[in-house]
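Structure, as structure tokens:
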Amino acid sequence: KNESSAVSNPAEIPKQLTRKASKDLYIEVSPGTYSVTATSDDMVKQTHVVDVNAGQSIDLTFSI
């Protein structure tokens, strides 16, 4: 197979290139410091530590 040819079999495309799903989640918590971890289907983890004040809204984005 010529290396410059287009991939004709979708199974040959790496998983990270085909995943485009996005999920929004809203959680109401009391003021404090939180460690938030997201884990992908293939067990890739990413953690954010946030300090939440009363009445504050925080957006977290995980790239997994």
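Taken together, the criteria place Glu3 among residues that are over 15 Å from the mean Cα position of the chain (by Cα), modelled with pLDDT under 60, among the acidic types (Asp, Glu) and in a loop (DSSP other than H, G, I, E, B). Scanning for something β-branched (Val, Ile, Thr), assigned to a helix (DSSP H, G or I) and at pLDDT below 85, does region 11-20 turn up at least one residue? Within region 11-20, one or more residues are β-branched (Val, Ile, Thr), assigned to a helix (DSSP H, G or I) and at pLDDT below 85. Of all residues in region 19-64, those that are surrounded by 12 or more Cβ atoms within 10 Å (Cβ to Cβ) and basic (Lys, Arg) total 1. Only residues that are under 20 Å from the mean Cα position of the chain (by Cα) and part of a loop (DSSP other than H, G, I, E, B) were counted in region 24-58, giving 12.
The values are calculated or read from the model by the stated rules, or taken from the named source; none is laboratory data. Just so it is clear, the model here is predicted, and its values are computed rather than measured. As a convention, Cβ positions derive from the backbone with ideal geometry for all residues, glycine included, and neighbour counts pool all protein chains shown.
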